[in-house]
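Every number in this text was worked out from the coordinates using simple rules, so none of it is lab data. Predicted, not measured: the structure shown is a model, and the values here were computed from it. Because the Cβ atoms are built from the backbone with ideal geometry, glycine has one as well, and the counts that use them run over all protein chains shown.
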Amino acid sequence: MVSAKWSLIFPLLSGVLLWLSLPGGGELWPLLFVALVPLLFLIPGSSVKEAALYGFLFGLVHFLLLLYWIVIVLGRYGGLHWSVAALALLLLAIYLGSYYLIFALAARCIFPVFPAAVVLWLLPALWVGLDWLRGILFTGMPWMDLGYGLWQQTGLIQIADLFGHHGLTWLIVFSNCLAVILLTKKQSPAGAVALLLSSLFVYGGAAVYSRVRVGEVSRALSATGLKTVRVGIVQGNIDQSIKWSPPQQRSTVERYLTLSEQLLTDNPPQLLVWPETALPFYPRKNKNMGLLRDALSRYQTALLTGAPWYEIIDLNGQKKIEFFNSALLLESDGRIGGKYYKNHLVPFGEYIPLKKFLPFLAPVVEAVGDFSPGSIERPLIAGDGRLGVLICFESVFPNLSRQWILAGANMLVNLTNDAWYGKSSAPHQSLAMSVFRAVETRRSLVRSANTGISAFISPLGRVESSSLLFQPYAAAGDVVLLETETFWVRFGYLFAPLCLLAGMVGVVVAVMREKEVQE
């Protein structure tokens with residue numbers, strides 16, 4: 001084993017290798033399949049304290065590198081002092097890193113008790129289960145789970161329509177565990193056969209399924225009579241620092257209209273899509289809406305755009321105003337044909353949890369307001385398109401796209417404003433996660449971002465075309481409308497919680513067996 005003097009280098013190395021493998025860090029995706037080996041190599045022979053330390057250090061380094069852009073969000077645009085923003089990042093990384101501390105402790109229990117073939121299946125399940133838990137506790141932070149690192153490998157990621165992106169994470173951790181087992185455990189002939197059969201089943205099954213599904217979905221996408229809707233996406237590239245300034249409101253609408261007009265001459269789209277809060281004002285009675293209605297009427301096209309919205313609620317005779325981050329579907333005559341209010345709000349970005357106890361964070365939401373959550377009810381209708389809308393951060397949560405499909409959506413639209421992230425890794429990571437929403441649901445996904453990255457994504461997860469960051473952009477394309485429900489939508493979404501259950505059972509059994517041996 002490694003001497004104590006050098007042991008701390010190993011979890012740090014795993015954190016760096018993981019960063020190098022993910023979008024924004026280097027995107028050397030093959031490293032995903034070995035990045036965890038240094039960390040896992042230490043765990044079998046470690047003490048409880050050592051395992052906890054290794055897991056925590058790995059998690060801390062991983063999330064500090066992955067989420068550094070939070071300092072940009074909170075410091076440059078949130079109004080916090082840089083030291084406070086850095087402290088917020090550190091505290092978040094400590095919290096998120098604690099999940100890997102738990103994993104390391106659990107893995108230490110499992111390694112010596114179970115046969116290698118069982119360990120090979122249990123540890124990936126435990127990892128995925130903890131990822132799922134991290135994605136739901138305290139509103140959830142499932143940012144860039146390992147499987148997302150394969151977003152450009154269309155031939156590998158098709159199992160996402162069975163088990164979601166968690167299935168790819170499971171496969172990656174399986175590969176790392178296999179390497180460590182081969183390095184650290186001597187195998188009996190029966191054990192070696194079990195490992196070989198497990199590996200052949202997992203890798204062979206994933207490869208064959210992905211290849212078959214690529215062929216099947218490709219044929220479905222080229223079938224005659226398939227319904228499509230022509231969509232234009234516009235990226236205005238509006239500077240976040242001036243976006244909400246009242247004098248800029250008209251020029252912002254004019255810029256979006258000018259970019260849109262480039263698409264409305266030859267083969268015009270039936271639907272224009274503008275980003276999250278592309279209208280930097282409350283549309284009710286705003287004079288700039290007249291300009292917008294005239295343009296839509298002139299070109300006879302519909303528009304889906306983000307905008308802040310408010311409703312006056314009557315509660316037992318007392319009026320209350322609620323604010324929403326909304327997506328508005330404007331018909332060609334300028335009427336509002338449908339609305340969606342963002343369901344999953346960003347804590348400390350769109351609302352302040354426990355605001356009474358955290359008043360110093362109030363400046364973070366002053367620029368956009370303190371919003372109330374909406375709900376997913378029915379898709380917005382544009383021609384043959386039934387639109388399931390994901391606003392900004394919502395594209396990170398698989399269950400929201402699943403809810404839209406169950407509600408009848410045959411197309412997903414992601415409106416976002418990634419200007420908050422600056423020129424960081426976050427916009428690239430956000431695009432990567434959106435790809436999996438398309439594959440999991442087998443729906444086309446259209447992404448319109450204020451400063452990028454805007455894109456057309458096919459049901460295979462292929463990015464058919466995309467914009468550059470911080471550049472104006474306008475593009476149109478025929479978006480295919482598939483209607484099938486995937487296994488993941490019906491049942492596969494349960495894969496991750498079942499992994500957590502399996503991992504917990506494995507830990508309990510391991511602890512009980514260890515106690516029996518000690519007695």
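Axis angle, to the nearest 10 degrees, between helix 9-21 and the longest C-alpha principal axis of the chain: 40 degrees. Counting 0.36 nm for each residue step from SER332 to ILE9 and taking away their Cα separation leaves a gain of 110.2 nm. With point charges of +1 on the Cβ of Lys and Arg and -1 on the Cβ of Asp and Glu, referenced to the Cα centre of the chain, which listed residue (VAL180, SER297, MET411) lies farthest in the positive direction of the dipole? Of the listed residues, the answer is VAL180. Here, the chain is characterised by an Rg to Rh ratio of 1.00, where Rg is the alpha-carbon radius of gyration and Rh the Kirkwood radius. With respect to the chain, whose longest principal axis is taken over its alpha-carbon atoms, helix 189-221 is tilted by about 20°. Across the options VAL128, TRP170, LEU39, the greatest Cα extent toward the positive end of the charge dipole of the range 37-176 (unit charges at beta carbon of Lys, Arg, Asp, Glu) belongs to LEU39.
Using the Cβ-Cβ distance between THR184 and LEU92 with R0 set to 41 Å, the FRET efficiency from 1/(1 + (r/R0)^6) comes to roughly 0.80. With respect to the chain, whose longest principal axis is taken over its alpha-carbon atoms, helix 249-261 is tilted by about 80°. Projected label points at VAL509 and ARG76, each 7 Å from Cα along the beta carbon direction, are separated by 5.0 nanometres. Placing unit charges on each Cβ (+1 for Lys and Arg, -1 for Asp and Glu) gives the chain a dipole about its Cα centre, and among GLY506, PHE56, ALA496 the Cα reaching farthest toward its positive end belongs to PHE56. Report the antiparallel proportion of the DSSP beta bridges in the chain as a percent, rounded to a multiple of 5. Bridges in the chain that DSSP calls antiparallel: roughly 65 percent. Residues of the range 132-168 with an amide N closer than 12 Å to a point placed 7 Å from the Cα of LEU315 along the Cα-to-Cβ direction: none.
Looking at the range 253-293, the trypsin sites (Lys or Arg not before Pro) that sit in a DSSP loop and have at most 13 other Cβ atoms within 10 Å of their own Cβ are ARG284, LYS285, LYS287.
Helical content of the chain, expressed as a calculated mean residue ellipticity at 222 nm, amounts to -14500 deg cm²/dmol (DSSP H runs of 4 or more residues, -39,500 (n - 2.57) each, divided by residue number, nearest 500). Evaluated on the range 32-174, the Kirkwood hydrodynamic radius is 16.3 Å, with distances taken between all distinct Cα atoms.
Please work out the Cα center distance from the range 254-275 to the range 367-403, rounded to the nearest Å. Centre-to-centre (Cα) distance: 22 Å.
Treating only the Cβ atoms of Lys and Arg (+1) and Asp and Glu (-1) as charged, compute the dipole magnitude of the chain about its Cα centre; round to the nearest 20 debye. Dipole of the chain, to the nearest 20 debye: 180 debye. Counting Lys and Arg as +1 and Asp and Glu as -1 over every other residue whose Cβ lies under 10 Å from the Cβ of LEU431, the net charge comes to 0.
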